[in-house]
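Novice: Quick one: the structure is below, questions incoming.
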Amino acid sequence: MIKNAIAYITRKRNRTLIIFIILTIVLSCLYSCLTIMKSSNEIEKALYESSNSSISITKKDGKYFNVNQFKDIEKLKEIDPVSYETIHENNIKRVIRALEFYHQNHTPISAHNEKEHQKISPYRFAYFVLTDEREKLYRRIDQRVDLMMEQGLLTEVKTLYDMGCRKDMVSMQGLGYKEILDYLDGSCSLEEAVYVIKRETRHFAKRQLTWFRREKDVIWLDKSEFNDREDQMLQKMTDILHEKGIIQ
């Protein structure tokens, strides 16, 4: 439906019509997503309740696990061996997402992801990823965290903490939040919390780069090769878009 609508918009070149069709597409997709999300959330809730319904603890390979959590891992091994090998056993959200997908679609999420990865886009596009020297990237991450603290991260998290928000809530799992909550709980000093925020943000940036390297058709632009000149980078991107016939 969306592909046909885009082709129709391109032919007509009518601004009012374009806005109307885009809104129609968005509302249609939103309605479909809400319908799917309703049933999906019910399944996810049931899986989470199953995973957390017991505080019974067992020991495996020198580590302690929630018994039901371990059962979820074994269930995933049975229905989707590929995901079982790639998803860490402590990553409960991804484990439950894989179980949820199989429950809804009767096919492993790993097979779905592989199929999607093999698809060829019907559109001409350029997939740019900006990168920089590792030391410079990490230095800017540290500066950003310092700025976040200066602009009131501690006050923001303290306000949420006073409202009853705790570390076990999904909304409090973001970088910066959970570390400051550790400080508010007395688990570490503020200096230690800020250090961990910087360290975990650097790890996150590294994982992002790893993820992009697995993507197809990525065009890497290293800022250091352009001496941080944004005008030169933009010109390079424009030249590539011309070469690909995306712009005239």
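Each row is one residue, and each column tells you yes or no for (1) surrounded by 15 or more Cβ atoms within 10 Å (Cβ to Cβ); (2) of a type in the set (S, T, N, Q).
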position	(1), (2)
H88	no, no
I96	yes, no
S110	yes, yes
I120	no, no
R124	no, no
Y127	no, no
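Novice: While we're looking at this one, here's another question. Given the conditions (1) assigned to a loop (DSSP other than H, G, I, E, B); (2) surrounded by 12 or more Cβ atoms within 10 Å (Cβ to Cβ), and given that Q104 satisfies all but one, which numbered condition is not satisfied?
Specialist: Exception for Q104: condition (1).
Novice: Select from region 117-136 the residues that are in contact (Cβ under 8 Å) with a residue 40 or more places away in the chain and assigned to a helix (DSSP H, G or I) and write down the one among them that is nearest to M237 (Cα to Cα).
Specialist: Going through the qualifying residues, I end up with K136.
Novice: Still on this structure: Exactly one of these conditions fails for R139: (1) more than 29 Å from R94 (Cα to Cα); (2) without any contact (Cβ under 8 Å) to a residue 40 or more places away in the chain; (3) assigned to a loop (DSSP other than H, G, I, E, B). Give me its number.
Specialist: (3)
Novice: Something else now. How do the pairs read when you match residues in region 226-242 that are among the charged types (D, E, K, R) with residues anywhere that are at pLDDT 90 or above, using Cβ under 8 Å and keeping only pairs 6 or more apart or on different chains?
Specialist: K236/L221; K236/F226
Novice: Just to confirm my filter: which helices (runs of 4 or more DSSP H) fall fully inside region 145-248 and include at least 2 residues that are under 20 Å from the mean Cα position of the chain (by Cα) and on the phi < 0 side of the Ramachandran plot?
Specialist: Output list reads 177-184, 190-214.
Novice: Just the residues that are touching a strand residue (DSSP E or B) at 6+ places or on another chain (Cβ under 9 Å) and either among the hydroxyl-bearing types (S, T, Y) or under 17 Å from R144 (Cα atoms) (or both), please, taken from region 209-228.
Specialist: S224
Let's see how each residue does on (1) aromatic (F, W, Y); (2) at pLDDT below 95:
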| site | (1), (2) |
| --- | --- |
| K158 | no, no |
| V170 | no, yes |
| A205 | no, yes |
| F212 | yes, yes |
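The values are calculated or read from the model by the stated rules, or taken from the named source; none is laboratory data. As the structure is a computational prediction, the values presented were derived from the model and not from experiment. Ideal geometry is used to build each Cβ from the backbone, glycine not excepted, and the neighbour counts take in all protein chains shown.
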